[in-house]
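Worksheet: the structure to be examined is printed underneath.
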Amino acid sequence: MASTGMQIFGFVLALLGIMGATVATLLPNWKVSADVGSNIITAISQMQGLWMDCTWYSTGMFSCTLKYSVLSLPAYLQTARTTMVLCCVLAAMGLCLASLGLKCTRWGGGRRSKRHAAIASGGCFVAAGFLCLVPASWFTNEVITSFLDASVPESNKFEPGGAVYVAFVSAGFLFVGGSIFCMSCSGKRHGPRDLVLLPPPDKLLLQQQQQQLLQQQQELQHQYCSLSPLDNKTGYSLQDYV
């Protein structure tokens, strides 16, 4: 079973992964305008994200427009929206299960329950990493394909932005953190199956004394009941000698 330090390391990686996935989902720079040809001398920078398009003007003004219509978006953008939201939700669920599966915590039940929680959290992290990797890869492929297309004018060429790289790194963190939690249940376990909670020493001693007294009383009652009626007499009777 994985050590406590490795579990904490996996928990930190998974936490960084969910934070990065959330930031990447909200950032507007999934693709930015490329500085090629005549775009180099332009003073306008454009950025496009999953939820909004932003423009940086030469005067220093910055404006963003939300993408209200979902059906008008291309398929890769709709998929990226859906998978990134599912990634954040699944990673948050895995984070809650991981807090129960950590060996250094008191909550979460016995060893068997903690193993099951660690397995479930590892599966959630791995699935969340896959859901984060798919839109980042598809989005990058679409941007590069459009950039290499000769029919697209240079003013409409874009390149991958910082949010895509954040999504890739977050997917890696989630994969590694999930793998650590999945490996925490492998191997042969030694010791009791479940954690036995003992009472405080003073209460334990009192319980033992009470059990001993009860056992002695039961033995005395058994000996008294096993005696014959003649043995139960404590004195002599005159009738025994007449």
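The values are calculated or read from the model by the stated rules, or taken from the named source; none is laboratory data. Source: prediction; values computed, not measured. Glycine also receives a Cβ, built like all others from the backbone with ideal geometry; neighbour counts cover every protein chain displayed. Note: accessible area is taken over every heavy atom of the protein model, side chains too, but ligands, DNA and RNA are not part of it. Shrake-Rupley method; radii C 1.70, N 1.55, O 1.52, S 1.80 Å.
Stretching Ile144 away from Gln218 to a fully extended chain increases their span by 18.0 nm, per 0.36 nm per residue minus the current alpha-carbon distance. Of Val23, Val164, the order by accessible heavy-atom surface (1.4 Å probe, DNA, RNA and ligands excluded), from most exposed downward, is Val23, Val164.
Per residue, region 60-113 exposes an accessible area of 60 Å² to a 1.4 Å probe, with every protein chain left in place.
Dipole size of region 4-184 about its Cα centre, with +1 on Lys/Arg Cβ and -1 on Asp/Glu Cβ: approximately 1220 debye, rounded to the nearest 20. At full extension, Ala75 and Arg111 could sit 8.4 nm farther apart than now, given 0.36 nm per residue minus the alpha carbon distance.
Of the peptides 166-176, 75-85, the ranking by mean beta-carbon count within 10 Å, highest at the top, reads 166-176, 75-85.
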